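Participant: This is the structure I have questions about; it appears just below.
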Amino acid sequence: MKTELLPEAGKGRVVALCGGVGGAKLALGLSRLVGADLSLVVNTGDDFEHLGLSISPDLDTVLYTLGGIANKELGWGRADESWNFMQALAHLGGEAWFQLGDRDLALHVERTHQLRAGRSLTDFMAGAARAHGITASILPMSDDPIRTTLTTSEGQLPFQRYFVERRCAPTVHGIAFEGASSARPSAPVVEALQAPDLRAVILCPSNPFLSIDPILATPGIRALLEQAAAPVIAVSPIIGGAAVKGPTAKIMAELGVPATSRAIAQHYEGLLDGLVIDDVDAGERGTIDGPVHVTPTLMKTDEDREHLAREVLRFADSLRTAMANPTRAVAR
Ligand code: GDP
């Protein structure tokens, strides 16, 4: 690789792979730093049809977070929400296990309508992002249906039945991504990962099994990451042996994997040029192969999100310099 072909440090396209809540926090920090230079490749394995509506929970979390209208009290859904629809639905004896706020409902109704009229999910989300003043690209990993299904102590469960209805209580024995083998990544995802000015590819601190693996299972995406001309960096979702939120550590235990950042690095083996871990796990640094950057990774405020995003980009830029060197120090 020739140095002069590389984008200038601090410039170029940033691609981040993410799921919902955890991923969206770093996505927001990145968007505040690089704006329209950011492409988010978002998990659609959680998508499902409910009450005849097409629902895309991770895409919508990213949309609401970057649009500044995420519900901070609930930790999901839209701010300034009302629940008249749910109350009326429950009154009729309808399915009330999946909460749909009134404002949120508008997004699902319009998406369902547009998809039925033949518009792609990618195109619909681009319009929704524009409507919310978002300059980053929010890209579904694929326009083809890929559905995460779990083999559990209660049998086969579609993702939302496991995650929302059963609140992640069943023991997970295995995870499959139905439809993945015949799916294709969307054209803008491929373009973003092949951008001549690619600066960094970031695996957000999302659940590796439920949010990042479905993206990597979309045919072609793993190979695009392996061939990426820019550093691929993951931020560990595990801090001090626990997940910040959600079932990541529980699933790791159930699958016989220790809840450590080392295990996260091993999970992404063959893909990473570097891993970002939290200060409290600094002692783990020596147990992880390859470059490790230690910094506070708990994102409570928007400033935390921006700070971590800045650290990740700086780390990526430093590794890119190493990649440009003929005696490339970083092995994948
Ligand atoms: P979901 O799709 O809504 O479950 O969200 P993600 O998969 O994107 O994120 C879930 C993961 O985010 C969990 O493993 C959490 O440990 C991780 N996470 C959430 N908040 C933070 C944070 O502030 N810092 C770090 N490092 N990880 C976080």
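The values are calculated or read from the model by the stated rules, or taken from the named source; none is laboratory data. Bear in mind that the values here come from a model prediction, so they are computed numbers and not experimental data. Here the Cβ is made from the backbone with ideal geometry for all residues, glycine too, and neighbour counts use every protein chain on show.
Participant: Which numbered condition trips up Ser56, out of (1) within 12 Å of the ligand (Cβ to nearest atom); (2) touching a strand residue (DSSP E or B) at 6+ places or on another chain (Cβ under 6 Å)?
Facilitator: Failing condition for Ser56: (2).
Participant: Would you check if Cys168 is within 19 Å of Thr44 (Cα to Cα), within 16 Å of the ligand (Cβ to nearest atom), in contact (Cβ under 8 Å) with a residue 24 or more places away in the chain and under 17 Å from the mean Cα position of the chain (by Cα)? Show your work before the answer.
Facilitator: Working: within 19 Å of Thr44 (Cα to Cα): yes; within 16 Å of the ligand (Cβ to nearest atom): yes; in contact (Cβ under 8 Å) with a residue 24 or more places away in the chain: yes; under 17 Å from the mean Cα position of the chain (by Cα): no.
In short, no.
Participant: Return the residue satisfying two criteria in turn: it lies in segment 171-200 and is part of a strand (DSSP E or B) and more than 16 Å from the ligand (Cβ to nearest atom), and of such residues it is nearest to Ile233 (Cα to Cα).
Facilitator: If we take residues in segment 171-200 being part of a strand (DSSP E or B) and more than 16 Å from the ligand (Cβ to nearest atom), then Ala200 is nearest to Ile233 (Cα to Cα).
Participant: Further question on the same structure: Restricting to segment 201-210, give me the number of residues that are in a helix (DSSP H, G or I) and in contact with a helix residue (DSSP H, G or I) (Cβ under 6 Å, 6 or more places away or on another chain). It would help to see each step written out before you state the result.
Facilitator: So the first thing to find is which residues in segment 201-210 are in a helix (DSSP H, G or I), and the list is 208-210.
Adding the requirement that they be in contact with a helix residue (DSSP H, G or I) (Cβ under 6 Å, 6 or more places away or on another chain) leaves 208-209.
Total satisfying the criteria: 2.
Participant: Looking at (1) among the aliphatic types (A, V, I, L, M); (2) over 18 Å from the mean Cα position of the chain (by Cα); (3) more than 14 Å from the ligand (Cβ to nearest atom), can you tell me which one Ala217 breaks?
Facilitator: Result: Ala217 passes all but (2).
Each row is one residue, and each column tells you yes or no for (1) under 17 Å from the mean Cα position of the chain (by Cα); (2) at pLDDT below 95; (3) farther than 17 Å from Leu51 by Cβ; (4) buried (at least 18 other Cβ atoms within 10 Å of the Cβ).
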residue	(1), (2), (3), (4)
Asp104	no, no, no, yes
Arg111	no, no, no, yes
Leu115	no, no, no, no
Ala131	no, no, yes, no
Gln156	no, no, yes, no
Gln160	yes, yes, no, yes
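Participant: Right, next: Are any residues in segment 40-56 crowded, with 23+ Cβ neighbours inside 10 Å and outside any loop (DSSP other than H, G, I, E, B), and if so, which ones?
Facilitator: Leu40, Val41, Val42
Participant: Does His50 satisfy being at negative phi and in contact (Cβ under 8 Å) with a residue 24 or more places away in the chain?
Facilitator: yes
Participant: Then there is this: Determine if segment 282-289 includes at least one residue that is among the polar types (S, T, N, Q) and under 25 Å from Ala230 (Cα atoms). Write out each step before concluding.
Facilitator: The initial filter retains those residues of segment 282-289 that are among the polar types (S, T, N, Q), namely 287.
If we keep only those that are under 25 Å from Ala230 (Cα atoms) too, we end up with 287.
There is at least one residue in segment 282-289 that is among the polar types (S, T, N, Q) and under 25 Å from Ala230 (Cα atoms).
Participant: Now a separate question. Condition first: surrounded by 14 or more Cβ atoms within 10 Å (Cβ to Cβ), in contact with a Lys or Arg (Cβ under 8 Å, 6 or more places away or on another chain), assigned to a helix (DSSP H, G or I) and in contact (Cβ under 8 Å) with a residue 60 or more places away in the chain. Can you find one or more residues in segment 68-88 that meet it?
Facilitator: no
Participant: Which of the residues spanning segment 229-257 are hydrophobic (A, V, I, L, M, F, W, C), touching a residue at least 60 places away in the same chain (Cβ under 8 Å) and touching a strand residue (DSSP E or B) at 6+ places or on another chain (Cβ under 8 Å)?
Facilitator: Selection gives Ala229, Ala230, Val232, Ile233, Val235, Ile251, Leu255.
Participant: Residue check, Thr149 against (1) at pLDDT 95 or above; (2) in a loop (DSSP other than H, G, I, E, B), all met but one. Which one?
Facilitator: Answer for Thr149: the failing condition is (2).
Participant: Hey, can you tell me all the residues within segment 268-306 that are crowded, with 17+ Cβ neighbours inside 10 Å and within 13 Å of the ligand (Cβ to nearest atom)? Explain how you work it out, then say what you get.
Facilitator: So in segment 268-306, the residues crowded, with 17+ Cβ neighbours inside 10 Å come out as 268, 271-278, 281, 284, 288, 291-295, 297, 299, 305-306.
Of everything in segment 268-306, those that are crowded, with 17+ Cβ neighbours inside 10 Å and within 13 Å of the ligand (Cβ to nearest atom) turn out to be Leu275, Val276, Ile277, Asp278, Asp281, His293, Val294, Thr295, Thr297, Met299, Arg305, Glu306.
Participant: Next question, about the same structure. Among the residues of segment 155-165, what is the count of those that are touching a residue at least 40 places away in the same chain (Cβ under 8 Å) and more than 12 Å from Trp97 (Cβ to Cβ)? Lay out the reasoning, then the answer.
Facilitator: Looking only at segment 155-165, we keep the residues that are touching a residue at least 40 places away in the same chain (Cβ under 8 Å), and these are 158-160, 163-165.
Subsequent filtering for residues that are more than 12 Å from Trp97 (Cβ to Cβ) retains 158-159.
The number of residues fulfilling the criteria is 2.
Participant: Output the residues belonging to segment 228-247 that are within 30 Å of Gln194 (Cβ to Cβ) and either at pLDDT 95 or above or assigned to a strand (DSSP E or B) (or both). Spell out how you get there, then give the answer.
Facilitator: First, the residues of segment 228-247 that are within 30 Å of Gln194 (Cβ to Cβ): 228-237.
Selection gives Ala228, Ala230, Pro231, Val232, Ile233, Ala234, Val235, Ser236, Pro237.
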